[in-house]
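*Asks:* Quick one: structure below, then a few questions.
The values are calculated or read from the model by the stated rules, or taken from the named source; none is laboratory data. What you see is a predicted model, and the numbers here were worked out from it, not measured in a lab. Note that each Cβ is placed from the backbone with ideal geometry, even for glycine, and that neighbours are counted across all protein chains shown. Calculation scope for accessible area: heavy atoms of the full protein, side chains included, ligands and nucleic acids excluded. Shrake-Rupley method; radii C 1.70, N 1.55, O 1.52, S 1.80 Å.
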Amino acid sequence: MKSIALAAVSALYISSGPAYAATLSDLVGGATLTEGDVTFSGFAFTDNVRTPAFAGDFVADANGIEVTTSSTASTTTLSFNLDPGASISGFDTASSLGHMFSFFVDFNVAVAGGSTRTLSDVTLGGGDLFATVDAFSEVIFVDGINLPSVELEIFEDTLTGSQTSDTEMLGGLSSLDLFGTVGGLTLGDGATAGLSAFSLTFDLAGTAPPPSPVPLPAGLPLLLAGLGGLALLRRRKTL
């Protein structure tokens, strides 16, 4: 009986809990992600591959990009995961042009108005970018609004090397708009490039607010009362 009660209560809590993951398509449609006192909203997405795309190009789909949040006591991370991952190779023999992937993703990050915390810096990283022979893959985020402007870049380039993380100080902002470009290009036979993940981690200055109490599901008191009645009936039968 006890295990049944715990399972029922757990099911109610799980069904009423907040969501910390969504497809980029849902977010572009107006959904938001909230992690503690930090909210991500205002998402926009545009695939930027040439039209018409070559047979070997990778055309990104917002439905295939999962966006998740996670946090520690002093950071909040927004992660992007592509499924399938972007992957290109070789070049188009008819035009002698390389294959490509390219898309834009923008969003706003803001600390809740009642919070005393601010955004102190941001790090772009968590990527699995690759490039071989004669190719590159890159992720770039800029804001272009605040001064000095935020410019973040990670890349894997067979000509210039690689950069796996990049950090910018934000100086105590409460809100920030970021505009991202994700792309790659192969420039010769046997070249490959691609990625399937990257993330942005925001450091927060100040004291984190206490966690919000989880409200009891509306049916929980009735459920507990019913289970208590069953337990009492069972006890009477054993006497």
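*Asks:* For the stretch 181-188, state whether one or more residues are in contact with an Asp or Glu (Cβ under 9 Å, 6 or more places away or on another chain), under 11 Å from PHE136 (Cβ atoms) and among the small types (Gly, Ala, Ser).
*Replies:* The answer is yes; a qualifying residue exists.
*Asks:* Moving to a separate point now. Residues to consider are GLY188, GLY194; find the one that is assigned to a loop (DSSP other than H, G, I, E, B), at pLDDT 60 or above and closer than 30 Å to PRO84 by Cα. Outline the logic, then answer.
*Replies:* Numbers: GLY194 fails: assigned to a loop (DSSP other than H, G, I, E, B).
When all the criteria are applied, what remains is GLY188.
*Asks:* A further question on this structure: With out of contact with any helix residue (DSSP H, G or I) (no Cβ under 8 Å at 6 or more places or on another chain), without any contact (Cβ under 8 Å) to a residue 40 or more places away in the chain and either farther than 17 Å from PHE58 by Cβ or aromatic (Phe, Trp, Tyr) (or both) as the only criterion, which of PHE155, PHE130, PHE141 stands out? If you could, list the steps in order and put the result at the bottom.
*Replies:* Working: PHE130 fails: without any contact (Cβ under 8 Å) to a residue 40 or more places away in the chain; PHE141 fails: without any contact (Cβ under 8 Å) to a residue 40 or more places away in the chain.
None of the other options fit; the residue is PHE155.
*Asks:* Being open to solvent by 70 Å² or more (accessible area, probe 1.4 Å) and outside any strand (DSSP E or B) is the filter here, so list the residues in the stretch 76-94 that pass it.
*Replies:* Result: THR93, ALA94.
*Asks:* Restricted to the stretch 35-67, and to residues that are of a type in the set (Asp, Glu) and under 13 Å from the mean Cα position of the chain (by Cα), which residue is nearest to SER196 (Cα to Cα)?
*Replies:* Restricting to residues being of a type in the set (Asp, Glu) and under 13 Å from the mean Cα position of the chain (by Cα), the top hit is GLU66.
*Asks:* If only one of ALA62, ALA73 is small (Gly, Ala, Ser) and exposed (fewer than 15 other Cβ atoms within 10 Å of the Cβ), which one is it? Explain how you work it out, then say what you get.
*Replies:* Details: ALA62 fails: exposed (fewer than 15 other Cβ atoms within 10 Å of the Cβ).
Testing whether each residue is small (Gly, Ala, Ser) and exposed (fewer than 15 other Cβ atoms within 10 Å of the Cβ) leaves just ALA73.
*Asks:* Could you grab the pairs with beta carbons closer than 7 Å, sequence gap of 6+ or different chains, first residue in the stretch 90-104 and over 11 Å from GLY188 (Cβ atoms), second one among the hydroxyl-bearing types (Ser, Thr, Tyr) and modelled with pLDDT of 95 or more?
*Replies:* Close Cβ pairs satisfying both conditions: PHE103/THR46; PHE104/THR46; PHE104/THR181.
*Asks:* Where residues in the stretch 37-58 are farther than 30 Å from GLY114 by Cβ and of a type in the set (Val, Ile, Thr), which of them is least open to solvent (accessible area, probe 1.4 Å)?
*Replies:* Among residues in the stretch 37-58 that are farther than 30 Å from GLY114 by Cβ and of a type in the set (Val, Ile, Thr), the one least open to solvent (accessible area, probe 1.4 Å) is VAL49.
*Asks:* Related question: Given the structure, is ASP166 within 20 Å of ASP203 (Cα to Cα) and among the acidic types (Asp, Glu)?
*Replies:* yes
*Asks:* What do you reckon, is SER25 closer than 20 Å to SER175 by Cβ, open to solvent by 20 Å² or more (accessible area, probe 1.4 Å) and either in contact with a Gly (Cβ under 7 Å, 6 or more places away or on another chain) or not in a strand (DSSP E or B) (or both)? Give the derivation first.
*Replies:* Numbers: closer than 20 Å to SER175 by Cβ: no; open to solvent by 20 Å² or more (accessible area, probe 1.4 Å): yes; either in contact with a Gly (Cβ under 7 Å, 6 or more places away or on another chain) or not in a strand (DSSP E or B) (or both): yes.
Answer is no for this residue.
*Asks:* Of everything in the stretch 169-207 that's without any contact (Cβ under 8 Å) to a residue 60 or more places away in the chain and touching a Leu at 6+ places or on another chain (Cβ under 6 Å), which residue is most open to solvent (accessible area, probe 1.4 Å)?
*Replies:* Ranking the candidates gives LEU173 first.
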